[in-house]
Structure formats: structure tokens, C-alpha cells
Amino acid sequence: MIVHAIALVLDIVLFLSLYSDAQRVLVVWVGRRGEELALRFSPEEVYANVGDQVQFQFYPRNHSAVQANFERPCVPMSNATTGQGFFSGFRPLLLDTKTIATFTVNITHTDPIFFYCSQGRHCQQGFVGAINPLVHTHLHLSRSDRGV
Ligand SMILES: [Cu+2]
């Protein structure tokens, strides 16, 4: 009886640990790298499981996160030939703001998701990122394609 009770407790602990691992919030800074504001996502690549959330956290002064196709990294997916993509909207923030502006994407598959900042020419300057990229060096490849 005691053995059964211990086994049940272990089952519950295992279930809870699996359950808590199952859903993660992966944070991507938009417009910040380390302690500095920068025209970059950080990290530029995240690896997410189905059920995870990717939360974009925006920094000054005015950026966005827009889903793109790999072949056209600075074009919104919703304007491309296939599918609808996410768009955070522009998030204008004063330099001394204490506001945390966020945009969250729910991960429903593990295919690669590419995104960029659509402000000015930020994307052309290399302000791009990816969720679950198949090729680890795709960012460098896409940048060299664009002469960045
Ligand atoms: Cu930007």
C-alpha cells in the first residue's frame, strides 16, 4: 500500500514536471542587445516547441515584429503569395520609458517562422530573426544576399 502511495506521488511529481516544462515563454528583445539599444532582435534565433509562446519585448524607439517568408525576408507574409503572418504593429517608445510593450506569438507548429522589423530600412540593415530555423546560419546567408 505504501509502495503504491509512493508510486502515485512519483507519478504526480513526474506529471507536474512534464507539465511545467511543456509550456515556456521565450523572450525576444526587439531593439536591444545586451545593455545597448540596437537595430537587432536578441536572440535572433529561438527554438520553440508546440505550446510554447514567443514574447517580443519592445525597446525604444519604434520597432515592430512582422512575419515574413524566408525567400523574401523584408516583405510581410500577408502580402506574399501564401498565408497570413503576424504583425505586432509599431511600438513607439520614448527613450526614458518604463513601459514594457509586448507581443506574443503562440507556437502551434515547429516549422521555421521568419520575422523582421518593418520600421524604415531596419530589415535591410539586418534587423531579422527566426523561430526554429532549419539552417543555423540562415541569418548570415540572408544578410549576405542583401549585401548587409
Ligand atoms: Cu526597427
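The values are calculated or read from the model by the stated rules, or taken from the named source; none is laboratory data. Bear in mind the structure is a predicted one, so any value in this text is a computation, not a measurement. Here the Cβ is made from the backbone with ideal geometry for all residues, glycine too, and neighbour counts use every protein chain on show.
Of note:
- Here PRO133 passes the criteria (1) under 14 Å from the mean Cα position of the chain (by Cα); (2) under 12 Å from GLU44 (Cα atoms); (3) modelled with pLDDT of 95 or more except the one numbered (3).
- Odd one out for GLU71, checked against (1) surrounded by 13 or more Cβ atoms within 10 Å (Cβ to Cβ); (2) within 17 Å of GLY126 (Cα to Cα); (3) more than 15 Å from the ligand (Cβ to nearest atom): (1)
- Some residue of the stretch 35-56 being in a strand (DSSP E or B), out of contact with any strand residue (DSSP E or B) (no Cβ under 8 Å at 6 or more places or on another chain) and either of a type in the set (Ser, Thr, Tyr) or within 16 Å of the ligand (Cβ to nearest atom) (or both): yes
- Among the residues of the stretch 97-112, those identified as over 20 Å from LEU39 (Cβ atoms) and under 17 Å from the mean Cα position of the chain (by Cα) are THR104, VAL105, ASN106, ILE107, THR108, HIS109, THR110, ASP111, PRO112.
- Test: ARG121 is surrounded by fewer than 16 Cβ atoms within 10 Å (Cβ to Cβ), within 11 Å of the ligand (Cβ to nearest atom) and either touching a residue at least 60 places away in the same chain (Cβ under 8 Å) or in a loop (DSSP other than H, G, I, E, B) (or both): yes
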